[in-house]
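K.L.:
Here's a structure for you.
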Amino acid sequence: MITNRSEKKTRRPVRAETAVLFHPEAQDGTYSHHPSICRFKGRLYAMWSNGAVDEDAPGQRVLYTFSEDGKEWAKPRILMEPSPAEGVLTAAGFHVHGDVLTAYAGFFMYLKPDDTWGHGNTTLFYMTTEDGENWSAPADLGLPIVPNHGPQATRSGRLIISGNFMFPYSDETDGVSGWKLTSTEPFPCEPLVDDSQGWIVRAEKDGTPEVCEGSFYQTDDGVLHMLQRSYEKILYVTESRDDGATWSRSEKTEFTDCGSKFHCGRLPDGRFYIVSNPDPDRPRCPLVLSTSRDGEDFDREYVIDDRIVPKRFEGRCKRGIYGYPHSILEGDRMYVICSVYKEDVHVYAVDLNDLT
């Protein structure tokens, strides 16, 4: 059983240098969320969703920036804008393949004006670049999904996109071809889309748990463990024993959570990690790195940030401080990107030498 309730659990601070990538004023768009980070040709790249005021409002776009050293960042630029303009774009991460960087963004439209329920035209777009500044036009992958993270490789090299209940996989390494749809059991009883509404519809139709926003790690026995957010202040997990071709029914873990996206991976020393907000009764604070030797008992926790900061702007769903983290590893550092009150975007350079 995956748990962070060990009696041996310790929580300690960790050294983390903070860089502020985006601190918007009203004219810049005061909603920022769904951030991702990667390394490409010596630079760090970051992207996030950006809206005028409200979460997932028509016109929401994707911004990006880059840095040579992780400390000083270029002025954010528009990566992708919705077409038509009343569409909604959600930043969905990067994939590096040789000399090509691919950026992804999920797309949907509201079927009725001023109605945040009915979604339509859900799909996944991508753009590519060879220099990090000149990008191809957006192209449609034809996948009915708004992902949580960009493609992640298993030990075999297979790429998997973490969605809510759909997890497309491909054995092509370019990140744009060969994608096949798969889902947690039972496979959806009718064609459904996997976006911020689709997972609720699926749960109602198929009697599955209301879970969303997955991220996975792979243990030494080859099993993929896809953790999922729920509204029960606890994470769920679905597992695959065939490298992501099929997935089990989602089951409850004993890993606490306050209801936020999170990110999983494996440290250079072999430990598994989850960057998340594990305190169930606090507003996405603190931001914590949890580690485990066996992929089950996450018995050590390291606080990346726990400062209580004020919200500067109002807006729909503007709650929670350190939201939706994503991470990458580089030598003795982990870079963690997150939104702050869904306004600012921060990157933390965490010193892995502190993870005793």
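K.L.:
Just to be sure before I move on: is Met166 farther than 23 Å from Gly214 by Cβ and touching a residue at least 12 places away in the same chain (Cβ under 8 Å) in the structure I sent?
P.N.:
So Met166 does not fit the description; no.
K.L.:
Could you tell me whether Met80 is within 24 Å of Lys112 (Cα to Cα) and within 20 Å of the chain's Cα centre (by Cα)?
P.N.:
Here the answer is yes, as Met80 does meet what is asked.
K.L.:
Now for a different question. Take Tyr104 and decide whether it is touching a strand residue (DSSP E or B) at 6+ places or on another chain (Cβ under 6 Å), among the hydroxyl-bearing types (Ser, Thr, Tyr), outside any loop (DSSP other than H, G, I, E, B) and under 22 Å from Tyr348 (Cβ atoms).
P.N.:
no
K.L.:
Just give me the residues in the stretch 158-185 being crowded, with 19+ Cβ neighbours inside 10 Å and among the charged types (D, E, K, R), in sequence order.
P.N.:
Within the stretch 158-185, just Arg158 meets the criteria.
K.L.:
So which pairs qualify, if the first residue must be in the stretch 108-122 and within 11 Å of Ala57 (Cα to Cα), the second must be surrounded by 11 or more Cβ atoms within 10 Å (Cβ to Cβ) and among the hydrophobic types (A, V, I, L, M, F, W, C), the Cβ gap must be under 6 Å, and the two must be at least 6 apart or on different chains?
P.N.:
As it stands, the answer is Phe108/Val88, since those pairs meet every condition given.
K.L.:
Tally the residues that are under 19 Å from the mean Cα position of the chain (by Cα) and aromatic (Phe, Trp, Tyr), restricting the search to the stretch 295-350.
P.N.:
The number of residues fulfilling the criteria is 5.
K.L.:
Restricting attention to the stretch 58-68, does a residue exist that is out of contact with any Asp or Glu (no Cβ under 9 Å at 6 or more places or on another chain), surrounded by 19 or more Cβ atoms within 10 Å (Cβ to Cβ) and part of a loop (DSSP other than H, G, I, E, B)?
P.N.:
no
K.L.:
Looking only at residues that are part of a loop (DSSP other than H, G, I, E, B) and touching a residue at least 24 places away in the same chain (Cβ under 8 Å) in the stretch 30-53, which one is nearest to Asp354 (Cα to Cα)?
P.N.:
Gly42
Read-outs throughout are calculated quantities, based only on the coordinates presented, and are distinct from any laboratory measurement. Since we're looking at a predicted model, the values are computed, not measured. Because the Cβ atoms are built from the backbone with ideal geometry, glycine has one as well, and the counts that use them run over all protein chains shown.
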